[in-house]
Amino acid sequence: MSSQITQLRVGDESFLVASMIDRCPRSMMLRELVRNAIEAAQTAPDGERRVELSGIVVDDAPKLAIWNSGRGMTADELFRMCDIASSIRKQNSLEQNFGMGAKVASLPSNRIGMRYRSCREGRVFEVMIGQRDGVYGRVRRAVDGLDGWHDVVDATLVAQAEGRNLGQDWTEVVLLGNRTDQDTLADPYDGAPHMPAYWVAEELAKKFFRLPPDVEVILHPGATTSPASFRFRSIAERLGAGYDRHESVDAGDGIVVHYIFDAFLPGSGTDTLAGVGMPYFVHGAAGLVFKDEVYDLAWNQEWLHLGPVFGIPFCGRNISVFVEFPHDFPVLPDGYRQFLRRRDGLQQQVSLRAYATLVAAHRPAWLVALIEQHAPDSAVSAEIAAALAQLLRDLRVPRRSRPVSRPTNLEAPPVAGATEVTAPVSGPSPPVDAATTDQPEPDVPEPDGQEPVGQEPDGPEAAPPVAEEYEEVEPDEDDFESAPQIVMLREPLEVAARGIVARGARYYPETHQLFVNCLYEAIPAMQSSLEREFAWAEDQETVRRHALHSAEQSLVERVGRMLVFALSKHATWAGWEMGPALSTQALTLAADDHHQSLPGARAGLRAALRLRQLTVADTRTGL
């Protein structure tokens with residue numbers, strides 16, 4: 001200590017320890033425990049470096065155990081290991097080890113205790129940490145033949161009786177949970193939140209992009225849904241043969257973007273190549289990678305919703321993207337290793353979405369072609385598109401330079417595993433059959449802890465990027481905003497992916513794309529009204545088809561006009577005001593007002609019926 005300073009101490013140590021533990025995100029528990037186990041296993045001889053996750057029974061309840069080979073701890077080391085910011089044989093630093101992760105992340109979900117055992121040169125010592133009377137610490141226990149209460153006990157005889165191998169060093173931690181009867185294998189967080197049966201393997205996949213090649217991570221029955229033991233393989237390990245196609249692209253500044261395509265198995269719309277033999281459900285995902293770990297992960301439905309921002313509006317279930325930073329990149333994990341922060345300035349949190357432009361700009365040609373092949377037929381009337389473009393000119397809405405350019409159709413050969421769609425993303429096409437609107441909405445697996453598929457969180461919708469995030473260009477005679485690219489969704493899964501099951505449309509400012517829900521209730525409501533009014537017509541097939549077409553196109557027109565008027569406010573409204581104006585809620589209210597579209601639809605349907613009658617008459621007379 002310097003003679004010129006008096007070191008700061010902790011005034012209320014119990015409060016500081018409890019606040020650090022209780023504020024830690026529970027989701028980091030498994031990561032911290034497994035990372036500690038991996039680092040310990042690396043001290044074992046070559047070929048013997050293992051981490052094993054399994055289930056053991058304590059007090060008649062299954063408990064999750066994490067075991068590792070590697071140099072064990074003595075009684076004194078095991079005692080010191082329990083303290084916050086204490087690490088055994090590791091140096092604490094912001095660059096590498098914080099010395100508090102596993103204990104802080106695990107204790108909120110294991111107040112009964114975490115039981116540590118470590119075998120060092122044939123002797124096994126045991127310590128348990130937990131919470132008693134609101135205080136976290138070592139749980140003191142009585143020992144037969146010894147006076148008083150003890151923090152660390154000799155468990156050598158117990159370990160021998162259980163058949164443990166004392167001929168090698170090892171360390172094990174067992175999660176006892178918050179209740180003695182709690183099954184920490186199936187319910188690690190005591191119901192808050194509930195976890196799927198395959199949570200262990202899935203959580204490992206979400207966090208560890210790459211594992212040390214010299215350490216094996218084994219999941220035994222109980223810690224996996226597989227009936228046999230399973231060697232966990234990270235995403236990076238499976239890039240060579242576990243996916244249909246991948247490409248790692250140098251994006252500059254040492255950043256590498258990994259583009260991964262995971263094709264559906266033949267005849268399946270849910271099972272993929274990467275999912276074969278995996279003890280968890282494989283989703284499309286995106287995230288940031290720093291020092292082999294994943295941060296700010298967008299998983300399953302969240303990724304499908306964000307995909308258009310990254311230039312991946314379709315096929316998101318089969319595409320994953322990871323932006324990997326070099327080890328010397330100017331970022332640091334936060335204190336709980338939940339997300340990354342910048343090293344300099346205000347040390348803002350680093351978000352995946354900030355790299356959307358980079359991801360979109362470096363997409364390989366094969367990936368762009370695959371996305372285009374999966375694009376649905378938009379079937380947008382050319383007249384509506386032209387009318388929206390003219391309205392933008394009439395309102396003098398300036399063209400805005402966007403961080404992400406929307407996808408364009410490219411001439412490219414078909415990609416293996418993709419379903420070819422030859423129709424363009426936008427442009428006129430004949431009306432579709434009404435049966436496409438009668439499809440039931442599917443049961444889509446929901447990521448734990450997230451809102452149900454297709455629903456917005458309670459409260460105001462997260463605002464789209466505001467005006468300040470785009471470069472506004474002073475308009476001249478030919479420099480006004482273009483009409484948005486309109487994508488009409490008729491497949492329930494695509495509607496759910498955009499989060500608009502109960503909404504009319506969603507607008508993505510970054511790509512200037514408007515996704516319209518053609519299964520929205522306003523369309524069958526208007527179609528039904530027209531069919532009832534024209535029940536007198538002889539040609540009911542024409543009535544049905546044109547009623548559906550009118551209902552779809554008029555909804556697009558209403559939503560499109562609402563969007564245009566909202567965009568025209570960029571110059572005069574504050575950024576926080578633009579969020580609600582461009583929200584799915586605002587667009588849905590416009591979609592609901594189908595009554596105003598009925599007069600025009602009636603006129604169009606009468607004209608179609610007259611044309612049909614004239615055509616039939618001409619056919620009968622031979623003209």
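The values are calculated or read from the model by the stated rules, or taken from the named source; none is laboratory data. All figures in this text were calculated on a predicted structure; none of them were measured in a lab. With ideal geometry, Cβ positions are generated from the backbone for all residues, glycine too; neighbour counts draw on all protein chains shown. When the accessible area is computed, the model is the full protein with side chains, heavy atoms only, and any ligands, DNA or RNA have been set aside. Shrake-Rupley method; radii C 1.70, N 1.55, O 1.52, S 1.80 Å.
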Interchain or sequence-distant (5+) residues whose placed amide H lies within less than 5 Å of the amide H of residue 505 are 517, 588
How big is the accessible area of residue 10 in square angstrom, nearest 10, if you roll a 1.4 angstrom probe over the protein chains?
80
Added length on full extension, which subtracts the Cα-Cα distance from 0.36 nm per residue, residue 165 to residue 79:
28.7 nm
Round to the nearest 0.05 the FRET efficiency obtained for residue 19 and residue 123 when R0 = 35 Å and r is the Cβ-Cβ distance.
0.45
Quick calc: nm separation of the 7 Å Cα→Cβ label points for residue 251 and residue 231 -> 3.2
If a/c stays under 1.5 just call it rounded; otherwise compare a/b with b/c (prolate if a/b is bigger, oblate if not). Do that for the range 206-284, with a ≥ b ≥ c from the square roots of the Cα gyration tensor eigenvalues.
oblate
Packing-ranked peptide list from 389-396, 65-72, highest mean Cβ count within 10 angstrom first, is 65-72, 389-396
Note to self: with every protein chain in place and a 1.4 Å probe, the range 281-336 gives an accessible area per residue in Å² of 22
Grab the beta carbon distance between residue 9 and residue 338, set R0 = 22 Å, and tell me the FRET efficiency rounded to 0.05.
0.20
Starting from 0.36 nm per residue, how many nanometres of slack lie between residue 577 and residue 140 once their C-alpha separation is accounted for?
151.5 nm
If each of residue 533 and residue 239 carries a label point 7 Å out from its Cα toward its Cβ, how far apart are those two points in nm?
5.9
Two-decimal Rg to Rh for the range 151-288 - Kirkwood Rh, Cα set:
1.05
What's the center-to-center distance, using Cα atoms, between the range 537-588 and the range 291-338 in Å?
32
Label point distance in nm, residue 348-residue 42, each placed 7 Å from Cα along Cα→Cβ:
3.3
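Between rounded, prolate and oblate, where does the range 133-232 land on the alpha carbon gyration tensor, with a ≥ b ≥ c its root eigenvalues, rounded for a/c under 1.5, else prolate if a/b exceeds b/c?
Taking the square roots of the gyration eigenvalues as a ≥ b ≥ c, the range 133-232 is oblate.
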Please report how far the C-alpha centroid of the range 218-265 lies from that of the range 479-528, rounded to the nearest whole angstrom.
33
Quick one: which residues, 5+ away or cross-chain, put their amide H under 5 Å from the amide H of residue 293? H built at 1.01 Å from N.
209
Which whole-Hz couplings ³J(HN,Hα) result when phi for each residue of the range 116-125 is put into the Karplus expression 6.51 cos²θ - 1.76 cosθ + 1.60, θ = phi - 60°, listed in order with x for Gly and Pro?
9, 10, 9, 9, 10, 6, x, 10, 10, 10
Report, to the nearest whole %, how much of the accessible area of the range 311-394 belongs to carbon and sulfur atoms, 1.4 Å probe, protein only.
54
